[in-house]
Structure formats: C-alpha cells, structure tokens
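What follows is a set of notes on a single structure, which appears directly below.
No value in this document is a laboratory result; all are computed from the given coordinates. Owing to the predicted nature of the structure, the values given are computational and were not obtained by experimental measurement. Cβ sites come from the backbone with ideal geometry, for glycine too, and all protein chains shown count toward neighbours.
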C-alpha cells in the first residue's frame, strides 16, 4: 500500500486510505505512527475503508506534535477524503484526539473505539514522565531518550513475535521528538471536555497487563458514556493491537459490524434525544 500526503496548515501529513465500505479511521499514540495499524488494516480493508495517518510531528508527517492541531488535521483529512461519517479508533494519546473530534462533531462519528486511553480531564498523562524525557532528549540526545522510552511499560510488547518488536523499534526510531527538544508551547489546553449528551456507541479496549492508570482511565470513561462496552485482550499489554492482533481484530470487527454503519439522520436523531 502506498503512502499519500496531505498538505495542511503547518504540516504535511502522511496517510493511507485502503479498502471500501464504511470508513474506519485509526489514530496512533505518542512516538508511534500509522504503521502500528498494519495488522488491523490487513484484517479490515476487505470489508471497510481503512484510513490511518501519521499525526503531525510523528512518523513521516512534518510539523510539531500538537493535540490541538490534531483536531484541525483530522477535520482537514475528512474533508480531503470526502468523509461525512467515520468510525474512529484512537489509541493512547490518539484517544484524546478521537474524543476531541467526537465531542465537537458527534454526527461525523458512527462509533468510537478508545484503546488504552489516558485520563481525560487531568493535566497531561501522569504515567509518562515528560519532564524527565525532555531533560534526557535535550541533555543526551534523542537516541538516549529512545533507549529510555523503549523500556517504559507503555512502549513495551509482551508478544514474542519478532516482526511486532521490529515494527515498534522502527516507529520509535523515526519519531522526531520535536515536542521534547523544542521549547514547550502547549499545556493541557487541548484536553477535551466530554459532552454528557453524546450517546454514540463506544468500545473501550485494552490489554490485561496494561498499566493501572490506563485501566482506571478506561473505567472512568466507560461510566461517562451511556452506550459504552469494554473488552480486555488477555495476555496483552498497552500495545494490545500488536500483542494479540487476532483477538484485537475480532473484538473491533464485532463492534464495527454492529455500529459502523449509521445513517446521518439516525446519528443526528440519536444525539438529539
């Protein structure tokens, strides 16, 4: 599958658009990129239109990482691809972007899958020591940071599949890290506030051995969505889509099969009740 690029405000975004059917957009986590979704694209593109992007400042997209710009970028990509409605899968930090999008444009989302989300409403993700990582990146360089980050529970795999390990290593190796090496410009302003009237179907998915802070965050989110469902991937860690792709794909396929096809009228009616 070849890469495509979208020139948007302040960044050139890499994306892939494959398959036909109801649209499903995948949004990766911090230091990762669209390649993390290879097992999902392979499994779903026969039945769905699978769209995935490198968030700005990640992978091969230019620009500086920015949660607030992510929102504008997602809207720009939807306009560019002519998407009126899509299912959205947000992983880890990408779950914030998916929640931001769905909160502001609920009719544009058929359903939402949140994978290992951070706490919403807290200032930043307390389970990632950003200040420490900034000090390492600035003092000892990005390679030193990458070695350190690769040992963090949120960046480590439990599977023995060598291809998965190579994939994660490659993504972390090409993460530019401008949010660590440049002066900080953004605080917690982009943390979404959840709207109580959003009644879209939501699946919270995570690994059995994900860190406790992410399990707590998922439980908090589940309590805020009336139509929330939860799935735990046995034996998997934070990167559960790579630790056990078969179980992950089966879970999201089942959820998408019930929820990815919603008419615009049904969606707006759903939200206006």
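Computed from Cα positions, the angle between helix 130-140 and the longest principal axis of the chain comes to roughly 40 degrees. Which residue fluctuates the most in the chain, going by a Gaussian network model with Cα springs under 10 Å, if the choices are 33, 115, 22? Evaluated over the chain, the most mobile residue of the options is 22. Each of 244, 131, 54 was scored by other Cβ atoms within 10 Å of its Cβ. Listed from fewest to most, they are 131, 244, 54. Is the shape of segment 1-116 rounded, prolate or oblate, going by the alpha carbon gyration tensor and its root eigenvalues a ≥ b ≥ c, with a/c under 1.5 for rounded and a/b larger than b/c for prolate? Cα axes put segment 1-116 in the rounded bin. By how many nm would the segment from residue 223 to residue 20 grow when fully extended, if each residue of separation counts as 0.36 nm and the alpha-carbon distance is taken off? Result for the pair: 69.7 nm of gain on full extension. Shape verdict for the chain, please, from the Cα gyration tensor: rounded (a/c under 1.5), prolate (a/b greater than b/c) or oblate. Rounded shape, in that the Cα axes give a/c under 1.5.
Among 183, 251, 72, the residue with the largest mean-square fluctuation in a Gaussian network model of the chain, with springs joining Cα atoms closer than 10 Å, is 183.
Summarising the strand pairing of the chain, around 25 percent of its internal DSSP beta bridges are antiparallel. With R₀ fixed at 25 Å, the C-beta to C-beta distance from residue 79 to residue 173 puts the FRET efficiency at about 0.20. Rounded if a/c is under 1.5, else prolate if a/b is larger than b/c, else oblate: which is segment 32-78, with a ≥ b ≥ c the root eigenvalues of its Cα gyration tensor? The shape class here is oblate. Against the chain, whose longest principal axis is taken from its Cα atoms, helix 212-224 shows a tilt of about 20°. Listed by Cβ neighbour count within 10 Å, with the fewest neighbours leading, 91, 171 appear as 171, 91. Taking the C-alpha atoms only, the angle from helix 162-173 to the longest principal axis of the chain is near 70 degrees. Structure remark: mean-square fluctuation, Gaussian network model of the chain, C-alpha springs under 10 Å; the largest value among 238, 58, 80 belongs to 80. Centre-to-centre, using Cα atoms only, segment 138-153 and segment 31-88 are separated by 25 Å. Once C-alpha pairs closer than 8 Å and six or more residues apart are averaged by separation and normalised to the residue number of the chain, the relative contact order reads 21 percent. Counting beta carbons within 10 Å around each of 30, 149 and listing the fewest first gives the order 30, 149.
Subtracting the Cα-Cα distance of residue 166 and residue 152 from their residue separation scaled by 0.36 nm leaves 3.4 nm.
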